[in-house]
1. I'd like the residue in the stretch 72-84 that is under 18 Å from C114 (Cβ atoms) and without any contact (Cβ under 8 Å) to a residue 60 or more places away in the chain and, out of all such residues, is surrounded by the most Cβ atoms within 10 Å (Cβ to Cβ).
2. Checking the structure you have, find out if any residue of the stretch 157-179 is farther than 19 Å from A143 by Cβ and touching a residue at least 12 places away in the same chain (Cβ under 8 Å).
3. Which members of the stretch 85-121 meet the condition of being outside any loop (DSSP other than H, G, I, E, B) and either buried (at least 16 other Cβ atoms within 10 Å of the Cβ) or at pLDDT 90 or above (or both)?
Amino acid sequence: MNKIFPQGDANGSAAAGSKALPGGEANCSPCCCSRRGACLSAFLMLLLTALAALIALVAILGPPPRTPGAQACVTQTNRTGFLCDDRSSCIPASSVCDGVRACAHGEDEEEALCLGGNFLEVKELEPGLAGAVPQSLPGFLVAHCGDPASWIYSDQMCDGINNCGDCSDELSPVTTCPPCGPGWWRCPSTVFRYCSCIPRSLCRDHVQHCFDWSDEYSCPGP
């Protein structure tokens with residue numbers, strides 16, 4: 001009688017020599033493991049090369065631009081202003097470093113902008129702020145008078161007031177201002193505070209404010 005042997009017995013020794021791994025994968029041969037190590041090394045080298053290239057690019061182009069600092073704006077009265085950090089509030093240039101926080105977060109009175117508070121002592125020397133322009137103030141906030149030793153805030157130019165003390169902020173050749181507005185009367189003023197115009201509120205008040213007396217005889221008043 002022929003005996004029937006279970007299939008696989010004939011190759012039992014071969015089957016016993018190969019064990020299956022979880023998932024059905026066979027053990028990795030030394031060659032396979034060597035390839036995986038080479039791939040991992042190549043990936044790491046590629047990653048390091050990309051990182052080095054990025055560092056070199058930053059070194060060449062410099063760091064990304066920072067958030068802009070102090071910026072100019074135009075106030076509701078069409079004057080030069082200081083833009084607050086909220087990017088919507090525009091305060092007059094002359095309100096910067098005056099000891100009163102006009103911006104919501106007080107950036108108009110920051111120590112770095114106002115020289116640690118010493119700036120207020122200089123500002124009290126108006127008309128015409130004496131001394132060199134503080135380096136902490138951005139240029140758009142500052143205007144120069146005819147006297148190199150004096151300066152004013154840029155929003156004080158052509159406002160009808162003798163801010164420089166010599167009218168150089170209101171008259172040529174230092175400054176070219178538009179004609180007097182409707183609330184002003186054009187005449188050579190006798191009052192130190194004004195230059196070529198006086199407020200119409202001073203007209204016909206029985207006091208001479210113009211050299212030619214036009215404020216009492218010609219000016220129609222406010």
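The values are calculated or read from the model by the stated rules, or taken from the named source; none is laboratory data. Note that the structure is a prediction, hence the values are computed from the model and not measured. Heads up, the Cβs are rebuilt from the backbone with ideal geometry, glycines too, and the neighbour counts pull from every protein chain shown.
1. Among them, the one singled out is F82.
2. Of the stretch 157-179, the ones farther than 19 Å from A143 by Cβ are 179.
Within this subset, residues satisfying the condition of being touching a residue at least 12 places away in the same chain (Cβ under 8 Å) are none.
No, that holds for no residue.
3. Of all residues in the stretch 85-121, those outside any loop (DSSP other than H, G, I, E, B) come to 90-95, 107-109, 115-117, 119-121.
The answer is C90, I91, P92, A93, S94, S95, E107, D108, E109, L115, F119.
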